[in-house]
Amino acid sequence: MNQLHILEKINMMPIAYQQEVEDFIDFILQKKVNKKNEEKQQRKLGLLKGKMKMSEDFNAPLDDFRDYM
């Protein structure tokens, strides 16, 4: 199906339906833009590797909670 054929069909429709077709086209284009934005916003694993350091006793119990253990 070529673009000219699609345009001919759209021109044969009543104006109200043409507006619906335009709204649907806008919806599809917006969905595509939103998908690209979501892909850009995905976190990258290992981004801070080597930039942060945790102390050796990170998992050791805190002194404040020794009474409860």
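The HN-Hα couplings worked out from phi for the range 52-61 by the Karplus form 6.51 cos²θ - 1.76 cosθ + 1.60 (θ = phi - 60°) are 10, 9, 9, 5, 5, 9, 4, 8, 5, x Hz, whole numbers, x standing for Gly and Pro. Whats the longest run of the chain with zero trypsin sites (Lys or Arg not before Pro) that are DSSP loop and have at most 15 other Cβ atoms within 10 Å? For trypsin sites (Lys or Arg not before Pro) (loop position, at most 15 other Cβ atoms within 10 Å), the longest site-free span of the chain is 1-42.
Mean residue ellipticity at 222 nm from the helices of the chain, using -39,500 (n - 2.57) per DSSP H segment of n ≥ 4 over the full residue count, to the nearest 500 deg cm²/dmol? Spell out each step's value before the answer.
On the way: 2 runs with 37 residues, N = 69.
Helices in the chain give a 222 nm mean residue ellipticity of -18000 deg cm²/dmol.
How big is the charge dipole of the chain about its Cα centre, in debye rounded to the nearest 20, if each Lys and Arg gets +1 on its Cβ and each Asp and Glu gets -1 on its Cβ?
Numbers: 12 positive and 12 negative charges, 95 e Å.
Roughly 460 debye for the chain.
Any read-out appearing in this document is the output of simple, stated calculations on the displayed coordinates, not a laboratory observation. As the structure is a computational prediction, the values presented were derived from the model and not from experiment. Glycine gets a Cβ as well: all are built from the backbone with ideal geometry, and neighbour counts include every protein chain shown.
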